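See below for the structure under consideration.
Derivation of every value follows stated rules applied to the coordinates shown; laboratory data play no part. On a predicted model such as this, the values are computed, not experimentally measured, just so you know. All Cβ positions, even for glycine, are placed from backbone atoms using ideal geometry, and neighbour counts span all protein chains on display.
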Amino acid sequence: MNVDDMLRSLLFRRFRIGRLQFDFLEALLAVCITGTAYLIRTPFEYGPPHWTYLIAEWYLALAAAVLVFRYTAGRKRALLTYAVLLILPTGVAEGTILRGNACVGALLFICAFLFLEDGRRWLFTLAAAVLLLWSVRYAGLLAACAVLWQKEELKTEQFLCLLTAGGARIAVAYRAYLQAGYTLTTFHWPNIYEIVGRESIQGQLIDPIALVGLFLTAGLLVLALWLFRMGTMRRERAFLIRLFLFFGLAAAYFLPYMDQSCGYLFCVLAVVYFMLEPKEFPVPMLLQIVAYAGYQECFNGESMMPMALFAAIQFLVMAYLGVRLLQEMGVIRLWKEKSLSTWTD
């Protein structure tokens, strides 16, 4: 065999690791993407992220690629997921410029989701409980777990474990927030306070706007849970991603004191969602823009456009996801049937 034949056979040689098959060119492309992702994180004056967070980002992209491969059985989609998550602008901004740890929370969620898909409910409960204890920015995922409990996808003791972890984190975090003298302009996340006004009332021990926001969030989430209780749980591939994405966005949208790092997990979920539902491209695209606007305001003190505009876009995306979920679960159909029966009577 001459050199040309040897190189040709190597380029198109197929390897197998467990149930995963890949070509040499795909492996070479993955190595190049990894190197490019590292180089993207080096030009900043702060240097690359801490090696722990670099490993977490790499494992996050790999776990998300595995998740997409399980759903679609497509190597190209899995490789594209891996590539997008490593060069995602919010990922570079969070890990390199802010040197934040949001990648750890996103990795915990993807691992929890993989456990849930495998039917390992207690491993999912453990990973989700650690995630809820990690940061209050993931409080909305607790509401999604409540839907799973309503539909008997989680046992009562599992949901109580999650409720204890999430409730404890919310209580501790907001006790510290309300007593720290923060204003609604301290943090950078395009939520409802960008629309209704970010000016807080000064000279009081507790910001009343933030307190109202807490009660508003709790009330809206309870209302959403009541609506979803009337529907039927679906088994489509993207349904759970859409469910967690909706409730995670809803909580972060109405809770006060949410910072720009809230957008990191939603960007990761949006990429996975797009790989499962390519026709839903506007949803992940708009979420990437909205999340990066928060980082831009954090870095520069102002965003490319008024933050109220990004808050309105996020609300439209969130409303679309909610309506889509209600349609899939049959809640809107039940409303129509009840309305028709009322008019008939």
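Would you mind calculating the gained length between V222 and Q327 on full extension (0.36 nm times residue separation, minus the Cα-Cα distance), in nm to one decimal?
On the way: separation 105, 0.36 × 105 = 37.80 nm, distance 1.89 nm.
Length gained between V222 and Q327: 35.9 nm.
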Q. Which value in nm describes the separation of the simple spin-label points at E236 and E152, placed 7 Å from the Cα toward the beta carbon?
A. 2.4
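Give me the extension gain from D23 to T36: residue separation times 0.36 nm, minus the current Cα-Cα distance, reported in nm with one decimal.
Values: separation 13, 0.36 × 13 = 4.68 nm, distance 2.01 nm.
Computed gain between D23 and T36 is 2.7 nm.
Provide the net charge surrounding R137, with neighbours chosen by a C-beta distance below 13 Å and charges set as Lys +1, Arg +1, Asp -1, Glu -1. Walk me through the numbers on the way to the answer.
Working: positive: R169; negative: E94, D259.
Charge balance near R137 sits at -1.
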Q: For the stretch 21-119, run through the GluC sites (Glu not before Pro) and keep only the ones in DSSP coil with at most 16 other Cβ atoms within 10 Å of their Cβ.
A: E45
Q. Is the shape of the stretch 228-291 rounded, prolate or oblate, going by the alpha carbon gyration tensor and its root eigenvalues a ≥ b ≥ c, with a/c under 1.5 for rounded and a/b larger than b/c for prolate?
A. oblate
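Using the 10 angstrom Cβ neighbour count as an exposure proxy, how do S341, S135 rank, fewest first?
Working: S341 9, S135 18.
Taking fewest neighbouring Cβ atoms as first place, the list is S341, S135.
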Q) Which three extents, in whole angstrom, do the alpha-carbon atoms of the stretch 9-344 cover along their principal axes, largest first? A) 68, 57, 37
Q | Linear extension gain, K279 paired with A73, 0.36 nm per residue minus alpha-carbon span | A | 72.4 nm
Q) Simple spin-label model, 7 Å along Cα-to-Cβ: T164 to A180 in nm? A) 2.7
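If you filter the stretch 159-260 for trypsin sites (Lys or Arg not before Pro), then keep DSSP loop positions with at most 11 other Cβ within 10 Å, what is left?
Working: sites: R169, R175, R198, R229, R234, R235, R237, R242; in loops: R198, R234, R235, R237.
Those satisfying the criteria are R235.
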Q. What dipole magnitude, in Debye to the nearest 20, does the stretch 9-344 give about its Cα centre under +1 on Lys/Arg Cβ and -1 on Asp/Glu Cβ?
A. 1200
